[in-house]
Every structure is written in C-alpha cells, then in structure tokens.
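Every read-out reported here was derived from the displayed coordinates using simple, explicitly stated rules and does not represent laboratory data. Treat the numbers as computed from the prediction; the structure is a model and nothing was measured. Every residue, glycine as well, gets a Cβ built from its backbone with ideal geometry; the counts of neighbours run over all protein chains shown.
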Amino acid sequence: MYYQSEAALDRAAPADRAFVQEFVASARHRDEDHQVRRVVGLMRDYGSIDFAAEYAARIADTAREKFDDAFADCADSPALAFLRALVPFMIQRQS
C-alpha cells in the first residue's frame with residue numbers, strides 16, 4: 001500500500017527529504033525542539049497533516065456508523081453516552 005506520508009516525502013525537496021530521513025533514522029536529534037518543529041513544519045507544508053486529519057475524520061465517521069449499528073438494541077445510558085463520545089474526543093484532541 002502506498003501511504004500519503006510516502007507520497008509527501010517523494011514530493012519533498014531533496015534537502016527536506018534528506019533531513020526527514022536523517023531525523024527518522026537517528027534518535028539523537030529527537031529531543032531538540034527546533035528539529036521536531038522543522039519536521040512538523042515540513043509535514044504540514046507537504047500535506048501530511050491535512051491528509052492525516054481527513055483520514056481520521058473518515059475513520060471516525062465509519063466508527064460512529066458501526067457504533068450505532070452495534071449498540072442499536074441498547075438503552076440510552078451514561079455509559080453508552082461515554083462510549084459514543086470517545087471517538088470524537090480521540091479525533092479532536094491535540095497533543
């Protein structure tokens with residue numbers, strides 16, 4: 001399967017691609033905030049962040065549909081409402 005992140009990396013400028021590949025391959029720079037910010041910026045610039053958000057939204061839509069089908073026979077309750085709220089919470093949360 002060809003993933004969006006691979007496509008974004010293929011479209012990246014050679015210097016950007018080399019930087020990301022070095023970052024992923026080496027743990028030594030991962031604690032440096034400016035390196036992490038640069039990788040996140042590149043992910044945003046090349047469309048990976050938008051793709052991931054759109055993909056997550058599609059998964060959430062499917063999860064909501066399946067949830068409603070799976071729990072159709074259950075009476076409304078606080079526990080059911082809590083479970084139903086988990087999917088949007090996980091999609092909307094920011095790290």
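Using only the Cα atoms of the chain, what do you get for the radius of gyration and for Dmax, in Å?
Cα radius of gyration and Dmax of the chain are 18.6, 57 Å respectively.
Which value in deg cm²/dmol, rounded to the nearest 500, describes the helix-derived mean residue ellipticity at 222 nm for the chain, given -39,500 (n - 2.57) per DSSP H run of n ≥ 4 and division by the residue count?
Helix-only estimate at 222 nm: -24000 deg cm²/dmol.
With Cβ to Cβ distances under 14 Å as the rule, what net charge do the other residues near residue 70 carry (K, R +1; D, E -1)?
Net local charge, residue 70 excluded: -1.
What is the helix-to-structure angle for 48-70, meaning the angle in degrees between its Cα long axis and the longest Cα principal axis of the chain, kept from 0 to 90 and rounded to the nearest 10?
20 degrees
Expressed as an acute angle from 0 to 90° and rounded to the nearest 10, what is the orientation of the C-alpha long axis of helix 33-45 relative to the principal long axis of the chain?
Helix 33-45 sits roughly 70 degrees off the main axis of the chain.
So which GluC sites (Glu not before Pro) in region 1-83 pass both tests, a DSSP loop state and at most 15 other Cβ atoms within 10 Å of the Cβ?
The qualifying sites are 32.
Hey, got a sec? Which trypsin sites (Lys or Arg not before Pro) in region 10-95 land in a DSSP loop and have at most 14 other Cβ atoms within 10 Å?
Counting only loop positions with at most 14 other Cβ atoms within 10 Å, the trypsin sites (Lys or Arg not before Pro) in region 10-95 are 28, 30, 93.
Any idea what the alpha-carbon Rg over 2.2 N^0.38 Å comes to for region 53-95?
1.23
Using a 10 Å Cβ count of at most 12 others and DSSP loop calls, identify the longest part of the chain lacking such chymotrypsin sites (Phe, Trp or Tyr not before Pro).
Value returned for the longest uninterrupted segment is 4-95.
Report, in degrees rounded to the nearest 10, the 0 to 90 angle that the Cα long axis of helix 14-25 makes with the longest principal axis of the chain.
60 degrees
Could you give the nm distance between label points at residue 70 and residue 58, where each point is 7 Å from its Cα heading toward the beta carbon?
Distance between the two pseudo-spin positions: 2.1 nm.
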